[in-house]
Amino acid sequence: MYRYDEFDQDFVTDRVAQFRDQVNRRLSGELTEDQFKPLRLQNGVYLQLHAYMLRIAVPYGTLSSRQMRRLAHVARRYDRGYGHFTTRQNLQFNWPKLSDIPDILAELAEVEMHAIQTSGNCIRNVTADHFAGAAADEVADPRPYAEILRQWSSLHPEFLFLPRKFKVAVTGAERDRAAIQVHDIGLHLKRDADGRLGFAVYVGGGQGRTPMLAKKIRDFLPEEDLLSYCEAILRVYNLSGRRDNKYKARIKILVHEMGADEITRQVEDEWERIRHGALKLPQGEVERIREYFALPEAVRPLAGDPTLAAARAADPDFDAWVRQNTVPHAVAGHVSATISLKAIGGTPGDATDAQMDAVADLAERYAYDEIRVSHEQNLILPHLPETALKVVYDGLVAADLATANAGLVTDIIACPGLDYCALANARSIPVAQRISERFGDSARQREIGELKIKISGCINACGHHHVGHIGILGVEKKGEEFYQISLGGSGDEAASIGDIIGRGFSTEEIVDAVEAIVDTYVAQRASPEETFLAAYRRLGQAPFKEALYGAA
Amino acid sequence: MTAKAPVLHVITANALGDGLVVFLTADGGWSNDIAEARVVGPDALAEAVAYGKAQHDARIVVEPYEIEVTVEGGVPVPVRLRERIRAERGPTVAYGAAEIAARAANNR
């Protein structure tokens, strides 16, 4: 794992001291809310519906056991005993007192964590494939580049007051698990014909009120040019992005208005000017950072566990969990395991302090001390020996964390919605819970197969509804909650924005509507292997419209 | 034909220190309990809003605003769902250890 050097540590520690002073001045009445608001936002502190909210960065979703335990400690000591893992691989606490936040940040700084640039119009926490460094299908680990981008973008003086927020995601595999095409910059790490590492560069994707897929503006950018090229993109955006209208300020609007060809030309021109300058990545530095992310020494090929088959045969629930929640690892005898934060009827992404501690203990004892947060609001043990599958599973059962539903219909992404969020128009969590309960039967879920439901409580789309196979958007209509359904969205390498299917549904109707869609799919799929998304792309809207609204 | 009832409001904000939802009370203080809120008729609304603003400027509460309520059983009830959720002092769903306990009870 990456370890802070003295610069990182000093910078984070100094920032805590600075913010402590700012909080003290706010509490003593020296600072007004107008003066304080931009300061608190730069340190990840929002004021939500019920209380302050603190958003903590988890760079590229990677955590050690020590860090996870510290998050559990903060939840217990300063909050209400739980936290919420987000679609940006971060963690949010919903109830911190303003006066406690400097102490929280000081405790986090001790374990190399912070909340800087988790809000505001700056470059946000860089996200990455949650199976990075472990996936069998990966060209190379994307996280060293995410870390290089983190260092470059942290307090980058030119890019702290962008027209709007800016999100970067990196994937190292053809199979895109980081949703790069719906980010401001998406980077696909790959090799060229000569075996050199570099990136396909996507620009201008995003969700929100104007969902757009990114345009690929370069098929291969050499590794050494990563920062100069990103700087060129940011510079063009910073100069030409709109500042007159918050809703038209993201780079996706600039790309759309300017056209992909023109923005590519401007970026390439700027890059030509700066590419041979100070931002060229020295190979030694790339290697130095790459070493932090090397597989733990102890992860060596192992023979399969001869007792595993018998253990799976003896315990159908364990068998289902292994089948559904583990994926192949690059090293024989290992898997990557998804710890579902989607208990049937639970709040998507929430974990209690005790659950965080339990995951930390399991990771430390059996999984080389590494944990990931996925953008699908689950936790991952990226390097798990097959020999430890049963003991880890038993530990997860004891912590109420063993739901065998990764990628299934109950593995729902949901934003906090009107239960917590000051911007929301409708609740997301109760809808997710009711859908989860409706489809909670494990045999039924498995029969349905891969199906991603994503729910947002407002047009800002934090719940990624635009890229849900079934997307649900909550709106307020005449004082009532109403839910609009879109179908056929996808955030993977074949990304697409979902199509709105028709008029919305009331709170009472929405779960039945989702079930009607799922039943239509199951009835009309060509075979059990044809996924919902594939079937929708083949069938189009018509059968689903008919199921929802009757014959035209 | 009955006369239209006057529109009623209470003033709400978040407390500066802990951020929790508060309501302006009759004695000019702030309470977490909407039952203790001062219900303001149309004639007094401007004065109450101005008082809230002054409390914001005095760094006592953050971003006060008025919300429409009806009075039911002597207790103000916000008209909008958003404000009803705020007045309940928490989400409409169980959270943390209580959520896990509720789930365990359901599965029994």
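The values are calculated or read from the model by the stated rules, or taken from the named source; none is laboratory data. Keep in mind it's a predicted model, so treat the numbers as computed, not measured. Cβ sites come from the backbone with ideal geometry, for glycine too, and all protein chains shown count toward neighbours.
Against the definition (closer than 16 Å to A:M53 by Cα, among the acidic types (D, E) and either out of contact with any Pro (no Cβ under 7 Å at 6 or more places or on another chain) or buried (at least 22 other Cβ atoms within 10 Å of the Cβ) (or both)), how does A:D137 come out, yes or no? I'd like the intermediate steps shown before the answer.
Numbers: closer than 16 Å to A:M53 by Cα: no; among the acidic types (D, E): yes; either out of contact with any Pro (no Cβ under 7 Å at 6 or more places or on another chain) or buried (at least 22 other Cβ atoms within 10 Å of the Cβ) (or both): yes.
So A:D137 fails the test.
Report yes if A:E493 is in a loop (DSSP other than H, G, I, E, B), closer than 30 Å to A:F318 by Cβ and under 23 Å from the mean Cα position of the chain (by Cα), otherwise no.
Numbers: in a loop (DSSP other than H, G, I, E, B): yes; closer than 30 Å to A:F318 by Cβ: no; under 23 Å from the mean Cα position of the chain (by Cα): yes.
No, not satisfied.
If you check A:A140 against the conditions, is it touching a strand residue (DSSP E or B) at 6+ places or on another chain (Cβ under 9 Å), assigned to a helix (DSSP H, G or I) and within 30 Å of A:A337 (Cβ to Cβ)? Quick ask: steps written out before the conclusion?
Values: touching a strand residue (DSSP E or B) at 6+ places or on another chain (Cβ under 9 Å): yes; assigned to a helix (DSSP H, G or I): no; within 30 Å of A:A337 (Cβ to Cβ): yes.
It is false that A:A140 is touching a strand residue (DSSP E or B) at 6+ places or on another chain (Cβ under 9 Å), assigned to a helix (DSSP H, G or I) and within 30 Å of A:A337 (Cβ to Cβ).
Within segment B:52-81, work out how many residues are assigned to a helix (DSSP H, G or I) and either buried (at least 17 other Cβ atoms within 10 Å of the Cβ) or among the hydrophobic types (A, V, I, L, M, F, W, C) (or both). Steps first, please.
From segment B:52-81, those assigned to a helix (DSSP H, G or I) are B:52-57, B:81; that's our starting set.
Now narrow it down to the ones that are either buried (at least 17 other Cβ atoms within 10 Å of the Cβ) or among the hydrophobic types (A, V, I, L, M, F, W, C) (or both): B:52, B:54-56, B:81.
Matching residues across segment B:52-81 total 5.
Take segment A:1-53 and flag every residue that is more than 26 Å from A:S64 (Cα to Cα), among the acidic types (D, E) and in a helix (DSSP H, G or I).
A:D21, A:E33, A:D34
Limited to segment B:82-98, what total is found for residues that are at the interface with chain A (Cβ under 7 Å from one of its Cβ atoms) and not in a loop (DSSP other than H, G, I, E, B)? Don't jump to the end; show me each part of the working.
Of segment B:82-98, the ones at the interface with chain A (Cβ under 7 Å from one of its Cβ atoms) are B:82, B:85-86, B:89-93, B:95-97.
Remaining after also requiring not in a loop (DSSP other than H, G, I, E, B): B:82, B:85-86, B:96-97.
Residues flagged as at the interface with chain A (Cβ under 7 Å from one of its Cβ atoms) and not in a loop (DSSP other than H, G, I, E, B) within segment B:82-98 amount to 5.
Restricting to segment A:343-373, count the residues that are of a type in the set (K, R) and out of contact with any Leu (no Cβ under 9 Å at 6 or more places or on another chain). If you could, list the steps in order and put the result at the bottom.
Quick first cut of segment A:343-373, residues of a type in the set (K, R) only: A:365, A:372.
Narrowing further to those that are out of contact with any Leu (no Cβ under 9 Å at 6 or more places or on another chain): A:365.
The total comes to 1.
Among B:A26, B:A15, B:A37, which is the only one that is within 15 Å of B:R89 (Cβ to Cβ) and more than 10 Å from chain A (Cβ to nearest Cβ)?
Details: B:A26 fails: within 15 Å of B:R89 (Cβ to Cβ); B:A15 fails: more than 10 Å from chain A (Cβ to nearest Cβ).
Of the residues listed, the single one that is within 15 Å of B:R89 (Cβ to Cβ) and more than 10 Å from chain A (Cβ to nearest Cβ) is B:A37.
Give me a count of the residues in segment B:26-44 that are in a loop (DSSP other than H, G, I, E, B), surrounded by 13 or more Cβ atoms within 10 Å (Cβ to Cβ) and in contact (Cβ under 8 Å) with a residue 24 or more places away in the chain.
3
Any residue at all in segment A:23-33 that's under 26 Å from the mean Cα position of the chain (by Cα) and under 23 Å from A:C421 (Cβ atoms)?
Of all residues in segment A:23-33, those under 26 Å from the mean Cα position of the chain (by Cα) come to none.
Checked against the condition, which is being under 26 Å from the mean Cα position of the chain (by Cα) and under 23 Å from A:C421 (Cβ atoms), segment A:23-33 yields no hits at all.
Only one residue in B:A54, B:A101, B:A44 is among the aliphatic types (A, V, I, L, M) and more than 14 Å from chain A (Cβ to nearest Cβ). Which one? Spell out the reasoning first.
Numbers: B:A54 fails: more than 14 Å from chain A (Cβ to nearest Cβ); B:A101 fails: more than 14 Å from chain A (Cβ to nearest Cβ).
Selected residue: B:A44, the only one of B:A54, B:A101, B:A44 that is among the aliphatic types (A, V, I, L, M) and more than 14 Å from chain A (Cβ to nearest Cβ).
Quick test for you: out of A:R76, A:R69, pick the one residue that is over 27 Å from A:W152 (Cα atoms), of a type in the set (K, R) and either within 14 Å of another protein chain (Cβ to nearest Cβ) or in a loop (DSSP other than H, G, I, E, B) (or both).
Details: A:R69 fails: either within 14 Å of another protein chain (Cβ to nearest Cβ) or in a loop (DSSP other than H, G, I, E, B) (or both).
None of the others qualify; the one that does is A:R76.
A quick yes/no check of all residues on (1) of a type in the set (F, W, Y); (2) touching a Leu at 6+ places or on another chain (Cβ under 8 Å):
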position: A:R164; (1), (2): no, no
position: A:A169; (1), (2): no, yes
position: A:R175; (1), (2): no, no
position: A:I180; (1), (2): no, yes
position: A:D184; (1), (2): no, no
position: A:A193; (1), (2): no, no
position: A:Y202; (1), (2): yes, yes
position: A:P211; (1), (2): no, no
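Taking the conditions exactly as written (of a type in the set (V, I, T), part of a loop (DSSP other than H, G, I, E, B) and either touching a Pro at 6+ places or on another chain (Cβ under 7 Å) or farther than 15 Å from A:A351 by Cα (or both)), does A:I116 satisfy them or not?
Working: of a type in the set (V, I, T): yes; part of a loop (DSSP other than H, G, I, E, B): yes; either touching a Pro at 6+ places or on another chain (Cβ under 7 Å) or farther than 15 Å from A:A351 by Cα (or both): yes.
Against the criterion (of a type in the set (V, I, T), part of a loop (DSSP other than H, G, I, E, B) and either touching a Pro at 6+ places or on another chain (Cβ under 7 Å) or farther than 15 Å from A:A351 by Cα (or both)), A:I116 qualifies.
Report, ordered by the first and then the second residue, all pairs with beta carbons closer than 7 Å, sequence separation of six or more or different chains, a first member in segment A:63-75 that is outside the structural domain of A:K97 (by TED's automatic domain parsing) and surrounded by 23 or more Cβ atoms within 10 Å (Cβ to Cβ), and a second member that is among the basic types (K, R) and outside any helix (DSSP H, G or I).
As it stands, the answer is none, since no pair meets every condition given.
Out of segment A:424-440, which residues are outside any helix (DSSP H, G or I) and either at pLDDT below 95 or under 20 Å from the mean Cα position of the chain (by Cα) (or both)? So that I can check it myself, show each step before the final result.
Looking only at segment A:424-440, we keep the residues that are outside any helix (DSSP H, G or I), and these are A:424-428, A:439-440.
Within segment A:424-440, A:A424, A:S428 qualify.
Name every residue in segment A:263-295 that is surrounded by 14 or more Cβ atoms within 10 Å (Cβ to Cβ), in a helix (DSSP H, G or I) and not β-branched (V, I, T), in order of residue number. Walk me through how you get there before you give the answer.
Kept after step one, since they are surrounded by 14 or more Cβ atoms within 10 Å (Cβ to Cβ), are these residues of segment A:263-295: A:263-268, A:270-271, A:274-275, A:279-281, A:286, A:289-290, A:293, A:295.
Going one step further and asking which of them are in a helix (DSSP H, G or I), we end up with A:263-268, A:270-271, A:274, A:286, A:289-290.
Residues satisfying the conditions are A:R265, A:Q266, A:E268, A:E270, A:W271, A:R290.
Suppose we keep only residues that are polar (S, T, N, Q), under 19 Å from the mean Cα position of the chain (by Cα) and surrounded by fewer than 23 Cβ atoms within 10 Å (Cβ to Cβ) within segment A:93-121. Which one would you say is farthest from the other protein chains (Cβ to nearest Cβ)? Full working, then the answer.
Initial filter on segment A:93-121 (polar (S, T, N, Q)): A:94, A:99, A:117-119, A:121.
Filter once more, keeping what is under 19 Å from the mean Cα position of the chain (by Cα): A:94, A:117-119, A:121.
Within this subset, residues satisfying the condition of being surrounded by fewer than 23 Cβ atoms within 10 Å (Cβ to Cβ) are A:119, A:121.
Working: A:S119: 15, A:N121: 20 Å.
That would be A:N121.
Results for (1) more than 11 Å from every other protein chain (Cβ to nearest Cβ); (2) loosely packed, with under 15 Cβ neighbours inside 10 Å; (3) at positive phi; (4) free of Cβ contacts under 8 Å to residues at least 60 places away in the same chain, shown as yes or no for each residue.
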{"residue": "A:D5", "(1), (2), (3), (4)": "yes, yes, no, yes"}
{"residue": "A:V12", "(1), (2), (3), (4)": "yes, no, no, no"}
{"residue": "A:V16", "(1), (2), (3), (4)": "yes, no, no, no"}
{"residue": "A:R20", "(1), (2), (3), (4)": "yes, no, no, no"}
{"residue": "A:L27", "(1), (2), (3), (4)": "no, no, no, no"}
{"residue": "A:E30", "(1), (2), (3), (4)": "no, yes, no, yes"}
{"residue": "A:E33", "(1), (2), (3), (4)": "no, no, no, yes"}
{"residue": "A:P38", "(1), (2), (3), (4)": "yes, yes, no, no"}
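Looking at (1) in contact with a Lys or Arg (Cβ under 7 Å, 6 or more places away or on another chain); (2) within 14 Å of chain B (Cβ to nearest Cβ); (3) small (G, A, S); (4) buried (at least 22 other Cβ atoms within 10 Å of the Cβ), can you tell me which one A:A360 breaks?
Going through (1) in contact with a Lys or Arg (Cβ under 7 Å, 6 or more places away or on another chain); (2) within 14 Å of chain B (Cβ to nearest Cβ); (3) small (G, A, S); (4) buried (at least 22 other Cβ atoms within 10 Å of the Cβ) one by one, A:A360 breaks only (2).
Just one of (1) over 16 Å from A:S336 (Cα atoms); (2) touching a Lys or Arg at 6+ places or on another chain (Cβ under 7 Å); (3) surrounded by 24 or more Cβ atoms within 10 Å (Cβ to Cβ); (4) modelled with pLDDT of 95 or more trips up A:A128, so point out which.
(1)
Picking from A:L341, A:L295, which residue would you name as being within 27 Å of the chain's Cα centre (by Cα), at pLDDT below 95 and closer than 25 Å to A:R150 by Cβ?
Residue meeting the stated conditions: A:L295.
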